[in-house]
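Student: I'd like to ask you about the structure that follows.
The values are calculated or read from the model by the stated rules, or taken from the named source; none is laboratory data. Quantities reported herein were computed from a predicted structural model and do not represent experimental measurements. So basically every Cβ, Gly included, is an ideal-geometry build from the backbone, and we count neighbours across all protein chains shown. Surface areas here come from the heavy atoms of the whole protein model, side chains and all, with no ligands, DNA or RNA. Shrake-Rupley method; radii C 1.70, N 1.55, O 1.52, S 1.80 Å.
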Amino acid sequence: MVWIFLIIFLVQVIAEKRLLLNDPALVQSQIHELERKMEDVISKHSDLTAKYNDVVAKYNDLSTKYTEQSGKYTELSTKYTDLSAKQKTLMTKSNAGGIFTRWGREVCPRNNSELIYSGFAGGSWYGHPGAAAEFVCLPRDPDLITKFTSHYAYMYGSEYDSTEFGHHNGDDLPCSVCRSTVQSSVLMIPGKSSCYDSWSMQYHGYLVAGYYNASAATQYICLDEHPEALFAGQRDENGKMFYPVKAVCGSLACPPYQDGTYLTCAVCTK
């Protein structure tokens, strides 16, 4: 590259001044001038080369740092995505809250559920024609008042009326009100002891209801397969009664049901 500049310079000199080749002093002077300019060009070239190499080194350093930062960004982005998914899962769980009653037990199932309270099963007396149909789970710490004096309804305890469930006649029925911590939908399936696909089992047991020939209306509830008993009532009063439910063929499709067999039940969440 330096020689190219030198040749160009010589052409310019020859074009502007007619070089007198027979004048040694002039020729020597011109050569010295060319050498000086060549050295200046070489010096500038060396300086530019050094600056270029410095820029290249800085670029390589910045490129390495960029690669490192890019890797860290990708790692942080992955962690953020993971934490965001976990947060959504936690929000879903915290907002789930499917509520169900476990009849016959004082504790909730060990299947992502928490106890709200446990208490006594109760309802209307089985022989009252105006009785309420529902079973209720009464808390152990009631807040009671005495202000009313006119007509009223009654609340009785719910009792075992036979030894078929493993307890004495007159023993009281416990209950627990539970909240699912991960699922919001609750379904009691009569006639099944298992849950359908994608549903989670909370508990299963026996389908029970009030006596078919009693005066009071009733409802079907799912009594736990291993029911417990309370000894809280003062006496055997046959309050809110419950009995196993038997299939009766005719209007009921048989098969799949069978006449005279008893129905199971399952409480499932999703």
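Student: If the cut-off is a Cα-Cα distance under 16 Å, which aspartates and glutamates reach residue 65, setting aside same-chain residues fewer than 8 apart in sequence?
Tutor: 75
Student: Can I ask one more? Starting from the eigenvalues of the Cα gyration tensor, five times each then square-rooted, give me the equivalent ellipsoid semi-axes of the chain, largest first, whole Å.
Tutor: Square roots of five times the eigenvalues give 102, 21, 14 Å.
Student: Another question, then. With the radius of gyration and the Kirkwood radius both derived from the Cα set of the range 116-214, what is their ratio Rg to Rh?
Tutor: For the range 116-214, the value is 1.01.
Student: When only Cα pairs under 8 Å and 6 or more residues apart are kept, what is the percent relative contact order across the range 84-197?
Tutor: Once divided by the residue count of the range 84-197, the mean separation gives 41 percent.
Student: Run through the range 62-158 and list the chymotrypsin sites (Phe, Trp or Tyr not before Pro) located in a DSSP loop whose Cβ has at most 10 other Cβ atoms within 10 Å.
Tutor: 148, 152
Student: With a 1.4 Å probe and all protein chains kept in place, how do 81, 218 rank by accessible area, largest first?
Tutor: Output order, biggest surface exposure first: 81, 218.
Student: Within the set 192/240; 86/192; 51/79; 147/240, which residue pairs have Cα atoms separated by over 31 Å?
Tutor: Too far apart for the 31 Å limit: 86/192; 51/79.
Student: Where both partners of a DSSP beta bridge lie in the chain, what percent of those bridges are antiparallel, to the nearest 5?
Tutor: Here the share of antiparallel DSSP bridges comes out near 90 percent.
Student: From largest accessible area down, sort 31, 221; use a 1.4 Å probe on the protein chains.
Tutor: If we order 31, 221 from most to least accessible, we get 31, 221.
Student: Shifting gears a bit: Which of 105, 140, 179 moves the most in a Gaussian network model of the chain with Cα springs under 10 Å?
Tutor: Residue with maximal mean-square fluctuation among 105, 140, 179: 140.
Student: Shifting gears a bit: If you place +1 on the Cβ of every Lys and Arg, -1 on the Cβ of every Asp and Glu, and leave all else neutral, what size is the dipole of the chain about its Cα centre, to the nearest 20 Debye?
Tutor: Around 720 debye, computed over the chain.
Student: What percent does the relative contact order of the chain come to when contacts are Cα pairs within less than 8 Å and at least six residues apart?
Tutor: 21
Student: Quote the accessible area belonging to residue 113 in square angstrom, nearest 10, computed with a 1.4 Å probe and with ligands, DNA and RNA left uncounted.
Tutor: Spelled out: residue 113, probe radius 1.4 Å, area about 30 Å².
Student: Working from Cα positions, state the angle (0 to 90°, nearest 10) between the long axis of helix 24-94 and the longest principal axis of the chain.
Tutor: Once rounded, the angle reads 0 degrees.
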